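Visitor: Supplied in structure tokens, the structure appears directly below.
The values are calculated or read from the model by the stated rules, or taken from the named source; none is laboratory data. Fair warning: this is a prediction, and the values are worked out from it, not measured in the lab. In this analysis, Cβ positions are derived from the backbone assuming ideal geometry, glycine residues included, and neighbour counts consider all displayed protein chains. Areas reflect the complete protein model, heavy atoms only, side chains present, ligands, DNA and RNA absent. Shrake-Rupley method; radii C 1.70, N 1.55, O 1.52, S 1.80 Å.
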Amino acid sequence: MRQTVGIALFAASLLALAPPAGQAQTESAAPATPRPARAAAIPRLADGKPDMQGYWTNQTFTPLERPAQFKDKAFFTAEEAEAWAKQRLDDVIDVPRGEQVKSDADIHYDDGIWLLEHYKKGAMLRTSIITSPADGRIPALSAEGQKRTQERAAARKLVGPFDNAQARGLSERCIYWAHEGPPLLPTGYNSNLQIVQAPQTFVLMPEMMPVARIVPLDGRAGLGEAIRAYRGESRGRWEGDTLVIETTNYSEKTAWRGSSPRLEVTERLTMTAPNAIRYQFTVDDPATWVQPWSGEYEITRIDGPLFEYACHEGNYGLPSILKGARLAEEAAAR
């Protein structure tokens, strides 16, 4: 694999903050209550904006939607969150491997190879990434959304699943994976990303499907509705120390979670500590859902570098799938 081109990272030098001077006290006065330690200052670029450059993970075992068993429970205790994450990891670890495989039923895609990465994995205190609606679930489809879902399903039936490469899914063809968004969502493994900043430019690049999403911050106008993309068209701006990214102009082919090309996504990235970013998003598409919905999770810093997820180079399965289908058709015609 080829190593992703690294970007030289630097942090603005920070002056140590001297402790506040104590106040004069009389002999009978009680000692002053110690002040709480100051939070570590976040690194900043030369222009004063937060320096988010580097390597990060948005890994969490917290699901996007709240599971049914937690219907009225918005938050875990710390112990419950730890147990939830441990169970998810145990499910990956406790599968038959090597000589333990005794039957076809034991053959499986071994997620453990990927999920057992070399950094601590866990779950948030929230029981879902979705924060609004209050039930932690994606809202119901609107009437238009239901109609379009039925039409898309009917259209898929007109083409055999192995008729041609275009009949296969976007992710199988290494074109677009739904976790790329926007919004950017955690994945089961390789849930890492790189952030690069330059004057008036912000770049987000996930490890898995490493397509660099370049976000202009210079106030330029959009390209217009005639030009659409799988990942939409992003424009960003700073609101204080929070980076706000608005994305529109999605392709009809994207159909992110069944959405329409009218999908609009707003992301907010706020650096809360030198090694932490609060990521918030809002999804709005009246042509799909009856109301907008929002989510939130934390991104934490990791050591780099990231290595290229060479999806196309390793996609040996697609030609074999199509070849096998043609051979099956020939055999059936005899």
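Visitor: Looking only at segment 228-243, count every residue that is in a strand (DSSP E or B) and surrounded by 17 or more Cβ atoms within 10 Å (Cβ to Cβ) and tell me the total.
Guide: Residues that pass the stated criteria total 5.
Visitor: What's the total number of residues in segment 299-334 that are of a type in the set (Lys, Arg) and in contact with a Ser or Thr (Cβ under 9 Å, 6 or more places away or on another chain)?
Guide: So the count comes out to 1.
Visitor: Which is in a strand (DSSP E or B), touching a residue at least 40 places away in the same chain (Cβ under 8 Å) and either touching an Asp or Glu at 6+ places or on another chain (Cβ under 6 Å) or buried (at least 18 other Cβ atoms within 10 Å of the Cβ) (or both), of THR300, THR247, THR266, THR254?
Guide: Going through THR300, THR247, THR266, THR254 in turn, just one is in a strand (DSSP E or B), touching a residue at least 40 places away in the same chain (Cβ under 8 Å) and either touching an Asp or Glu at 6+ places or on another chain (Cβ under 6 Å) or buried (at least 18 other Cβ atoms within 10 Å of the Cβ) (or both): THR247.
Visitor: Scan segment 114-142 and report the pairs whose first residue is modelled with pLDDT of 80 or more and whose second residue is assigned to a strand (DSSP E or B) and of a type in the set (A, V, I, L, M), with Cβ atoms within less than 6 Å and a gap of 6+ or a chain change.
Guide: Pairs found: GLY136/ILE130.
Visitor: May I ask you to say which residue of VAL203, VAL215 is under 23 Å from the mean Cα position of the chain (by Cα) and under 25 Å from SER260 (Cβ atoms)?
Guide: Just one listed residue meets the conditions, VAL215.
Visitor: Continuing with the same structure: Take SER260 and decide whether it is without any contact (Cβ under 8 Å) to a residue 60 or more places away in the chain, more than 21 Å from PRO186 (Cβ to Cβ) and open to solvent by less than 30 Å² (accessible area, probe 1.4 Å).
Guide: So SER260 does not fit the description; no.
Visitor: Quick one: in segment 47-80, of everything that is over 20 Å from the mean Cα position of the chain (by Cα) and of a type in the set (Gly, Ala, Ser), which residue is nearest to ARG126 (Cα to Cα)?
Guide: Selected residue: ALA74.
Visitor: Picking from PRO305, PRO261, which residue would you name as being touching a Gly at 6+ places or on another chain (Cβ under 7 Å), not basic (Lys, Arg) and not in a strand (DSSP E or B)?
Guide: PRO305
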